[in-house]
1. Would you mind calculating the relative contact order of region A:104-179 from Cα pairs under 8 angstrom and at least 6 residues apart, reporting the percent as a whole number?
2. Estimate the FRET efficiency between A:Ile99 and B:Ser19 by the formula 1/(1 + (r/R0)^6), using the beta-carbon distance for r and 41 Å for R0, to the nearest 0.05.
3. Hey, rough spin-label estimate for A:Glu107 and A:Val176, points 7 angstrom out along Cα→Cβ, what's it come to in nanometres?
4. Tell me, what is a quarter of the convex hull surface for the C-alpha atoms of region A:57-108, in nm² with one decimal?
5. How big is region A:2-163 by the Kirkwood estimate over distinct Cα pairs, in Å?
6. Tell me the per residue accessible area of region A:166-243 using a 1.4 Å probe; a whole number in Å² is fine.
7. Would you calculate the convex hull of the Cα atoms in the protein assembly as shown and tell me its volume per residue in Å³?
8. What is the spread of the Cα atoms of region A:93-190 along each of their three principal axes, largest first, in whole Å?
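The values are calculated or read from the model by the stated rules, or taken from the named source; none is laboratory data. Since the model is a prediction, treat every value here as computed from it, not as a measurement. Note: ideal-geometry Cβ built from the backbone for every residue, glycine included; neighbour counts use all protein chains shown. Keep in mind that these areas ignore ligands, DNA and RNA; they rest on the heavy atoms of the full protein, side chains included. Shrake-Rupley method; radii C 1.70, N 1.55, O 1.52, S 1.80 Å.
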Amino acid sequence: MRILVSIDDTDDLESRGTGELASLIAADLETNGWGKSSFVTRHQLLVHPDIPYTSHNSAMCFSAEIYADALDEVIAHASSFLARESAAGSDPGLCVAAIDGLAAPDEIIAFGRRAKESVMTKEEAYAAARRLGVHLSEHGGTGQGVIGALAGAGLRLGGNDGRLKGSIPLGPPGGVVSVADLSRREDVDAVRAFDGRPLDGNEMVRVGEKVKTVMLEGKAVLLVTAAAAADGPAWQTCPRQQLKRY
Amino acid sequence: MEQMEAGLPEFPRGTEDWSTAARVAALCAEFRPDVEEEQVADEAGSCYNCRYRRWSVDSITCCKRQRPG
(Lines give C-alpha, C1' and ligand atoms only; values in the text may rest on other atoms or scores of the structure.)
Protein backbone atom coordinates (compact mmCIF):
# COMPACT_ATOMS: atom_id res chain seq x y z
CA MET A 1 0.00 0.00 0.00
CA ARG A 2 1.12 3.53 -0.71
CA ILE A 3 1.38 5.93 2.20
CA LEU A 4 2.45 9.50 2.82
CA VAL A 5 4.38 10.34 5.97
CA SER A 6 4.45 14.04 6.80
CA ILE A 7 5.94 15.85 9.81
CA ASP A 8 6.18 19.43 11.01
CA ASP A 9 7.37 21.58 13.91
CA THR A 10 10.11 19.28 15.16
CA ASP A 11 13.03 21.68 15.40
CA ASP A 12 14.45 24.78 17.04
CA LEU A 13 17.19 27.16 15.98
CA GLU A 14 19.99 24.83 17.08
CA SER A 15 18.59 21.35 16.43
CA ARG A 16 18.58 19.05 13.43
CA GLY A 17 16.12 20.12 10.76
CA THR A 18 12.72 18.59 10.20
CA GLY A 19 13.95 17.38 6.81
CA GLU A 20 16.66 15.29 8.41
CA LEU A 21 14.17 13.69 10.77
CA ALA A 22 11.93 12.87 7.80
CA SER A 23 14.88 11.26 6.02
CA LEU A 24 15.72 9.21 9.11
CA ILE A 25 12.15 7.94 9.42
CA ALA A 26 12.19 7.09 5.70
CA ALA A 27 15.43 5.15 6.16
CA ASP A 28 14.12 3.34 9.24
CA LEU A 29 11.07 2.24 7.28
CA GLU A 30 13.35 0.41 4.86
CA THR A 31 15.77 -0.88 7.51
CA ASN A 32 12.87 -2.46 9.37
CA GLY A 33 11.70 -4.21 6.21
CA TRP A 34 8.34 -2.44 6.12
CA GLY A 35 8.67 -1.24 2.55
CA LYS A 36 10.41 1.21 0.22
CA SER A 37 10.60 4.96 0.79
CA SER A 38 10.70 7.70 -1.80
CA PHE A 39 12.26 11.17 -1.70
CA VAL A 40 11.46 13.85 0.86
CA THR A 41 9.74 17.06 -0.24
CA ARG A 42 9.68 20.39 1.55
CA HIS A 43 6.42 22.34 1.50
CA GLN A 44 6.18 26.02 2.38
CA LEU A 45 3.18 26.96 4.49
CA LEU A 46 1.78 30.36 5.34
CA VAL A 47 4.05 32.82 7.12
CA HIS A 48 1.80 34.93 9.33
CA PRO A 49 2.08 36.68 12.71
CA ASP A 50 -0.66 34.45 14.15
CA ILE A 51 1.16 31.24 13.29
CA PRO A 52 3.84 29.95 15.68
CA TYR A 53 6.87 28.58 13.79
CA THR A 54 10.59 28.39 14.35
CA SER A 55 11.97 30.14 11.31
CA HIS A 56 10.26 29.20 8.05
CA ASN A 57 7.03 27.21 8.62
CA SER A 58 7.66 24.35 6.25
CA ALA A 59 6.51 20.73 6.40
CA MET A 60 8.42 17.67 5.20
CA CYS A 61 6.81 14.68 3.53
CA PHE A 62 7.80 11.42 1.86
CA SER A 63 5.84 8.67 0.23
CA ALA A 64 6.45 4.97 0.71
CA GLU A 65 5.19 1.67 -0.62
CA ILE A 66 4.72 -0.58 2.39
CA TYR A 67 3.29 -3.97 3.24
CA ALA A 68 -0.32 -3.51 4.34
CA ASP A 69 0.29 -5.19 7.68
CA ALA A 70 3.17 -2.79 8.44
CA LEU A 71 1.04 0.36 8.68
CA ASP A 72 0.54 0.23 12.45
CA GLU A 73 4.25 -0.40 13.00
CA VAL A 74 5.23 2.52 10.78
CA ILE A 75 2.90 4.83 12.69
CA ALA A 76 4.13 3.59 16.07
CA HIS A 77 7.75 3.95 15.04
CA ALA A 78 7.35 7.43 13.58
CA SER A 79 5.41 8.53 16.67
CA SER A 80 8.02 7.36 19.16
CA PHE A 81 10.81 8.70 16.94
CA LEU A 82 9.28 12.18 16.89
CA ALA A 83 8.62 12.15 20.63
CA ARG A 84 12.25 11.15 21.23
CA GLU A 85 14.13 13.12 18.57
CA SER A 86 12.24 16.40 18.21
CA ALA A 87 13.82 19.44 19.80
CA ALA A 88 12.78 20.33 23.33
CA GLY A 89 10.15 23.02 23.15
CA SER A 90 9.04 22.11 19.63
CA ASP A 91 5.46 21.15 18.79
CA PRO A 92 5.80 18.10 16.54
CA GLY A 93 2.98 16.68 14.48
CA LEU A 94 2.74 13.50 12.41
CA CYS A 95 0.41 12.58 9.57
CA VAL A 96 0.37 9.13 7.97
CA ALA A 97 -2.09 8.81 5.13
CA ALA A 98 -2.84 5.59 3.29
CA ILE A 99 -3.48 6.87 -0.18
CA ASP A 100 -5.16 3.93 -1.88
CA GLY A 101 -8.17 3.92 0.42
CA LEU A 102 -8.41 7.64 0.97
CA ALA A 103 -12.05 8.60 1.15
CA ALA A 104 -11.73 12.09 -0.31
CA PRO A 105 -8.29 12.86 -1.73
CA ASP A 106 -9.46 16.26 -2.92
CA GLU A 107 -10.17 17.29 0.65
CA ILE A 108 -6.66 16.64 1.95
CA ILE A 109 -5.22 18.43 -1.10
CA ALA A 110 -7.53 21.37 -0.43
CA PHE A 111 -6.42 21.43 3.22
CA GLY A 112 -2.82 21.69 2.09
CA ARG A 113 -3.60 24.56 -0.25
CA ARG A 114 -5.55 26.40 2.44
CA ALA A 115 -2.62 26.09 4.85
CA LYS A 116 -0.54 28.07 2.36
CA GLU A 117 -3.05 30.91 2.28
CA SER A 118 -4.82 31.14 5.62
CA VAL A 119 -4.39 30.51 9.33
CA MET A 120 -5.69 27.04 10.22
CA THR A 121 -6.42 25.56 13.61
CA LYS A 122 -5.61 22.23 15.22
CA GLU A 123 -9.31 21.55 15.51
CA GLU A 124 -9.75 21.96 11.77
CA ALA A 125 -6.82 19.64 11.15
CA TYR A 126 -8.12 16.91 13.46
CA ALA A 127 -11.64 17.20 12.06
CA ALA A 128 -10.33 16.86 8.51
CA ALA A 129 -8.16 13.89 9.48
CA ARG A 130 -11.15 12.13 11.05
CA ARG A 131 -13.27 12.66 7.93
CA LEU A 132 -10.45 11.48 5.69
CA GLY A 133 -9.48 8.50 7.80
CA VAL A 134 -5.81 9.45 8.04
CA HIS A 135 -3.58 9.19 11.09
CA LEU A 136 -2.81 12.55 12.73
CA SER A 137 -1.03 12.83 16.07
CA GLU A 138 0.98 15.25 18.18
CA HIS A 139 4.17 14.37 20.03
CA GLY A 140 5.12 17.20 22.32
CA GLY A 141 4.59 20.84 23.17
CA THR A 142 1.38 22.33 21.89
CA GLY A 143 1.11 19.79 19.10
CA GLN A 144 0.57 22.65 16.69
CA GLY A 145 2.60 20.73 14.12
CA VAL A 146 -0.41 18.58 13.27
CA ILE A 147 -1.63 21.39 11.02
CA GLY A 148 1.52 21.46 8.94
CA ALA A 149 1.78 17.68 8.97
CA LEU A 150 -1.67 17.25 7.44
CA ALA A 151 -1.05 20.12 5.04
CA GLY A 152 2.27 18.62 3.94
CA ALA A 153 0.57 15.33 3.10
CA GLY A 154 -2.07 17.17 1.11
CA LEU A 155 0.46 19.21 -0.83
CA ARG A 156 2.54 16.15 -1.59
CA LEU A 157 -0.54 14.28 -2.77
CA GLY A 158 -1.48 17.24 -4.96
CA GLY A 159 1.87 16.80 -6.65
CA ASN A 160 2.47 20.42 -7.59
CA ASP A 161 4.18 21.93 -4.59
CA GLY A 162 7.55 21.94 -2.95
CA ARG A 163 11.22 21.37 -3.52
CA LEU A 164 12.90 18.00 -3.13
CA LYS A 165 15.28 17.71 -0.21
CA GLY A 166 18.89 17.45 -1.34
CA SER A 167 20.66 18.50 -4.50
CA ILE A 168 21.36 16.65 -7.72
CA PRO A 169 25.04 15.69 -8.03
CA LEU A 170 25.88 16.79 -11.56
CA GLY A 171 29.57 17.48 -11.08
CA PRO A 172 31.33 20.82 -10.85
CA PRO A 173 29.50 23.98 -11.94
CA GLY A 174 30.16 24.93 -15.54
CA GLY A 175 29.81 21.42 -16.94
CA VAL A 176 27.44 20.79 -19.83
CA VAL A 177 24.97 17.92 -20.02
CA SER A 178 22.17 17.01 -22.42
CA VAL A 179 18.50 16.97 -21.48
CA ALA A 180 18.44 13.31 -22.50
CA ASP A 181 21.21 12.46 -20.03
CA LEU A 182 19.53 14.44 -17.28
CA SER A 183 16.23 12.68 -17.93
CA ARG A 184 17.87 9.26 -17.63
CA ARG A 185 18.94 9.93 -14.05
CA GLU A 186 17.05 8.15 -11.27
CA ASP A 187 16.72 11.39 -9.32
CA VAL A 188 15.23 13.37 -12.23
CA ASP A 189 11.85 12.40 -13.68
CA ALA A 190 11.65 15.22 -16.22
CA VAL A 191 13.46 18.34 -17.44
CA ARG A 192 11.47 21.44 -18.26
CA ALA A 193 12.00 25.10 -18.97
CA PHE A 194 11.09 27.38 -16.08
CA ASP A 195 7.95 28.43 -17.95
CA GLY A 196 6.85 24.79 -18.09
CA ARG A 197 7.81 23.87 -21.65
CA PRO A 198 9.25 20.39 -22.13
CA LEU A 199 12.64 20.28 -23.84
CA ASP A 200 14.06 18.09 -26.60
CA GLY A 201 16.53 15.48 -25.48
CA ASN A 202 19.32 16.92 -27.60
CA GLU A 203 19.19 20.37 -25.99
CA MET A 204 22.14 21.18 -23.77
CA VAL A 205 22.22 22.55 -20.24
CA ARG A 206 25.02 24.25 -18.33
CA VAL A 207 25.26 22.98 -14.76
CA GLY A 208 25.09 25.54 -11.97
CA GLU A 209 25.68 25.23 -8.24
CA LYS A 210 23.41 23.25 -5.93
CA VAL A 211 21.06 21.89 -8.58
CA LYS A 212 17.65 21.05 -7.16
CA THR A 213 14.42 19.51 -8.40
CA VAL A 214 10.88 20.61 -7.64
CA MET A 215 7.64 18.66 -7.53
CA LEU A 216 5.37 19.15 -10.53
CA GLU A 217 2.58 16.78 -11.58
CA GLY A 218 3.85 14.33 -8.99
CA LYS A 219 7.31 14.17 -10.54
CA ALA A 220 10.80 15.32 -9.59
CA VAL A 221 11.32 17.98 -12.23
CA LEU A 222 14.59 19.71 -13.03
CA LEU A 223 13.82 23.24 -14.15
CA VAL A 224 16.18 25.10 -16.46
CA THR A 225 16.26 28.67 -17.62
CA ALA A 226 17.66 30.50 -20.64
CA ALA A 227 21.45 30.68 -20.33
CA ALA A 228 22.93 34.00 -19.31
CA ALA A 229 25.93 33.63 -21.62
CA ALA A 230 25.44 34.26 -25.34
CA ASP A 231 27.85 31.49 -26.30
CA GLY A 232 27.53 27.89 -25.18
CA PRO A 233 24.41 25.94 -24.28
CA ALA A 234 20.99 27.55 -24.62
CA TRP A 235 20.00 26.52 -21.09
CA GLN A 236 21.33 26.56 -17.56
CA THR A 237 20.03 25.00 -14.38
CA CYS A 238 17.88 27.36 -12.33
CA PRO A 239 19.71 29.19 -9.57
CA ARG A 240 18.43 28.42 -6.09
CA GLN A 241 16.78 31.79 -5.62
CA GLN A 242 14.68 31.24 -8.73
CA LEU A 243 13.23 28.14 -7.08
CA LYS A 244 12.30 29.97 -3.89
CA ARG A 245 8.61 30.10 -4.73
CA TYR A 246 8.34 26.30 -4.91
CA MET B 1 21.60 46.48 6.01
CA GLU B 2 22.68 49.28 8.25
CA GLN B 3 20.08 48.29 10.83
CA MET B 4 21.28 44.70 11.00
CA GLU B 5 24.89 45.82 11.11
CA ALA B 6 23.98 48.17 13.93
CA GLY B 7 22.53 45.26 15.88
CA LEU B 8 18.83 45.67 15.14
CA PRO B 9 17.06 42.44 14.27
CA GLU B 10 15.01 43.24 11.18
CA PHE B 11 16.47 43.11 7.69
CA PRO B 12 15.11 46.26 6.03
CA ARG B 13 15.45 45.17 2.42
CA GLY B 14 12.69 42.59 2.14
CA THR B 15 12.86 39.01 1.02
CA GLU B 16 14.81 39.21 -2.21
CA ASP B 17 17.71 41.62 -1.87
CA TRP B 18 20.25 38.90 -2.52
CA SER B 19 23.39 41.02 -2.77
CA THR B 20 22.76 42.97 0.43
CA ALA B 21 21.89 39.80 2.35
CA ALA B 22 25.21 38.29 1.23
CA ARG B 23 27.11 41.43 2.20
CA VAL B 24 25.57 41.52 5.68
CA ALA B 25 26.24 37.83 6.27
CA ALA B 26 29.88 38.26 5.27
CA LEU B 27 30.25 40.79 8.08
CA CYS B 28 28.29 38.82 10.67
CA ALA B 29 30.11 36.76 13.27
CA GLU B 30 26.89 34.92 14.14
CA PHE B 31 26.17 33.62 10.63
CA ARG B 32 25.63 29.89 10.46
CA PRO B 33 24.18 28.16 7.40
CA ASP B 34 20.77 26.58 7.75
CA VAL B 35 20.14 23.04 6.52
CA GLU B 36 20.28 22.62 2.75
CA GLU B 37 16.55 22.37 2.19
CA GLU B 38 15.92 25.72 3.85
CA GLN B 39 18.51 27.67 1.89
CA VAL B 40 17.17 29.90 -0.88
CA ALA B 41 20.03 32.22 -1.80
CA ASP B 42 22.68 31.21 -4.29
CA GLU B 43 25.38 32.78 -2.16
CA ALA B 44 26.22 30.26 0.57
CA GLY B 45 26.84 33.12 2.98
CA SER B 46 23.60 35.06 3.01
CA CYS B 47 21.23 36.20 5.74
CA TYR B 48 18.53 34.39 3.76
CA ASN B 49 20.41 31.12 4.28
CA CYS B 50 21.22 31.65 7.92
CA ARG B 51 19.95 29.28 10.57
CA TYR B 52 19.19 32.25 12.80
CA ARG B 53 16.93 34.16 10.41
CA ARG B 54 13.20 33.97 10.80
CA TRP B 55 11.00 34.64 7.81
CA SER B 56 8.18 37.11 8.22
CA VAL B 57 5.63 38.33 5.72
CA ASP B 58 7.80 41.14 4.41
CA SER B 59 11.33 40.31 5.44
CA ILE B 60 13.49 38.28 7.81
CA THR B 61 14.41 38.83 11.44
CA CYS B 62 17.73 37.95 13.02
CA CYS B 63 17.00 35.77 16.05
CA LYS B 64 20.56 36.12 17.34
CA ARG B 65 20.30 39.86 17.55
CA GLN B 66 16.93 39.59 19.28
CA ARG B 67 18.51 37.77 22.19
CA PRO B 68 19.51 39.81 25.17
CA GLY B 69 23.20 40.32 25.66
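1. Numbers: 58 pairs, mean separation 28.1, N = 76.
Relative contact order comes out at 37 percent.
2. Values: r = 44 Å, r/R0 = 1.06.
My answer for the efficiency is 0.40.
3. Modelled inter-label distance: 5.5 nm.
4. On the way: hull surface 18.9 nm².
For region A:57-108, averaging the hull's shadow over all directions gives 4.7 nm².
5. Working: mean 1/r = 0.0665 Å⁻¹.
Radius from the Kirkwood sum: 15.0 Å.
6. 49 Å²
7. On the way: hull volume 43.6 nm³, N = 315.
Spelled out: Cα convex hull of the protein assembly as shown, divided by residues, is 138 Å³.
8. 51, 30, 24
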